[in-house]
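Let me begin by presenting the structure, written as structure tokens, before commenting on it.
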Amino acid sequence: MRAAVYFQAGKPDVLRYIDVPQPVCGADEVLIKVEAIALEGGDVINRATAAPSSRGTIPGYSAAGTIVAVGKNVQNRQPGQRVATIALNGSHAQYRAAPAAWSWVIPDGLDVVTAAAIPVSFGTAAWALSSRLHLQAGETLLIQGGAGGVGVAAIQLAKARGARVLATLSGSARVAKLHELGLDVALDYRQQDIVAEVQTLTQQRGVDSVLDLVGSTLELSFACLREGGTVVLAGNAGGSTRADLAALQQANQTLSGLFWGRELANEQARASVDGLLAQARDGVLRVLIDREFALQDVVEAHRYAEENRVLGRIILRP
Ligand SMILES: NC(=O)c1ccc[n+]([C@@H]2O[C@H](COP(=O)([O-])OP(=O)(O)OC[C@H]3O[C@@H](n4cnc5c(N)ncnc54)[C@H](OP(=O)(O)O)[C@@H]3O)[C@@H](O)[C@H]2O)c1
């Protein structure tokens, strides 16, 4: 099969589109013929910074397609089913093996491209709001990194919970689309003093919760937070996270970390993705696809992801 492989971490042109052996389907896995790959923010960061294995690594968390084989321990999946999958890598390929427990049957009526973009971005956002922030109607949430794949999901899910939603992003071109999805206030992190704006918008009280997908913004997130509020740190899109957190003790604030890959050990977390796929099928949740690329143009796709103000997700098609 053909796949995108990198042999050293670095810029997008470390990716090679080459022939590699088809993955073997493990006893607890499904093997799918990939039809759509969601290019996740983490895929770009991993290619840039994560050391590959000695034989090279096929990057990528999230891909959807049709099952062609199931492992001997797998009872509840069968060849021919359309599924969305997560694995720690391997999405950027014509075939990918993934744990069967991390595969979700795509409901009838939902297209494979939309489905590919649900398990990581919407799954992470939904779990952050429910299990970490316990976001309630009437509360105010700040999302750091609001225009990316996870941010677009979090805006919709927070609005559905009845929250007031503020989000940081750069530039104004994407703001109208995000207002359509439920964003109340867009804050331009390149132009505005985010802490001052948030304090004004909350009558100097601070927001109830922050979903921080940027990481380098962690101190700012606490400066925007009310006493007793919670920041969930779920990403590092802005680079490494270094923060002086002494003030959170005086303010009875909470910092909560979230890694979705570990949460997927939890059956309730896995089941939440079925609900999100159903909501996407029903048109309650919207996946914004910024652009599609052929998988063979993977270098261009990763470059586009890094150099542009992407709205939502980029899709690769094998
Ligand atoms: N915890 C988990 O298990 C989990 C799951 C999924 C994703 N993640 C992580 O979450 C992060 C976001 O993922 P994603 O897929 O949404 O990424 P993405 O689609 O690439 O979006 C990243 C966003 O970060 C924004 N950004 C960068 N620097 C910023 C800054 N200084 N202030 C505010 N925003 C800034 C960009 O904003 P502009 O375009 O507006 O400049 C962009 O919209 C990544 O680090 C990813 O690895 C973690």
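Nothing in this text is a laboratory measurement; each read-out follows from the coordinates by a stated rule. Since the structure is predicted, the reported quantities are computational estimates derived from the model, not experimental observations. Note that we place each Cβ from the backbone using ideal geometry, even for glycine, and neighbour counts take in every protein chain shown.
Cross-link candidates for LYS33: which lysines have Cα within less than 29 Å, leaving aside residues fewer than 8 places away along the same chain? Straight-line reach from LYS33, under 29 Å: LYS11, LYS72.
Across the chain, the relative contact order, built from alpha-carbon pairs under 8 Å that are at least six residues apart, equals 18 percent.
Which value does Rg/Rh take for the range 10-159 over its C-alpha atoms, Rh per Kirkwood? Provide the component values of the computation, followed by the final result.
Numbers: Rg = 16.7 Å, Rh = 16.5 Å.
Expressed as Rg/Rh, it is 1.01.
Summing Cβ point charges (Lys, Arg +1; Asp, Glu -1) relative to the Cα centre of the range 172-318 gives a dipole of roughly 220 debye. Charge tally for GLN8 (other residues, Cβ to Cβ under 12 Å; Lys, Arg +1; Asp, Glu -1): +2.
Counting every alpha-carbon pair across the chain, the share separated by more than 35 Å comes to 19%.
With +1 on the Cβ of every Lys and Arg and -1 on the Cβ of every Asp and Glu, and nothing else charged, how large is the dipole of the chain about its Cα centre, in debye rounded to the nearest 20? Can you show the working numbers first?
Values: 29 positive and 30 negative charges, 99 e Å.
In total the dipole reaches around 480 debye.
Using a Gaussian network model of the chain in which every pair of alpha carbons under 10 angstrom is joined by a spring, one finds that among LEU255, LEU218, LEU276 the greatest mean-square fluctuation is at LEU255. In the chain, helical runs assigned H by DSSP with n ≥ 4 each contribute -39500 (n - 2.57); averaged across all residues and rounded to the nearest 500, the mean residue ellipticity at 222 nm is -7000 deg cm²/dmol. Distant-in-sequence amide contacts of VAL207, defined by a placed amide H-H separation under 5 Å and a gap of 5 or more residues or a different chain, comprise LEU225, ARG226. Stretching GLN268 away from GLN81 to a fully extended chain increases their span by 65.1 nm, per 0.36 nm per residue minus the current alpha-carbon distance. GNM on the chain, alpha-carbon springs under 10 angstrom: the most fluctuating residue among VAL113, VAL185, VAL210 is VAL185.
Counting only Cβ charges, +1 for Lys and Arg and -1 for Asp and Glu, the dipole size of the range 122-259 around its Cα centre is about 280 debye. In the range 122-259 the Cα-Cα distances spread across 10 Å bins starting at 0 as 13, 50, 34, 3 percent of all pairs. Positive end of the dipole of the chain (Cβ unit charges, origin at the Cα centre): among HIS179, LEU157, ALA87, the Cα lying farthest that way belongs to ALA87.
At a temperature of 4 °C and a viscosity of 1.567 mPa s, determine how fast the range 202-318 diffuses translationally according to Stokes-Einstein, using the Kirkwood radius over alpha-carbon pairs as Rh; express D in µm²/s, rounded to the nearest whole number. Mind showing how you got there, number by number?
Working: Rh = 17.2 Å.
Estimated via Stokes-Einstein, D reaches 76 µm²/s.
Reducing the range 189-236 and the range 244-318 to their Cα centroids gives an inter-centroid distance of 20 Å. Straight-line reach from LYS159: taking Cα to Cα under 26 Å and skipping same-chain neighbours fewer than 8 places apart, the lysines in range are LYS177.
The GNM of the chain, with springs linking C-alpha atoms under 10 angstrom apart, assigns the highest mean-square fluctuation among ILE18, ILE118, ILE143 to ILE18.
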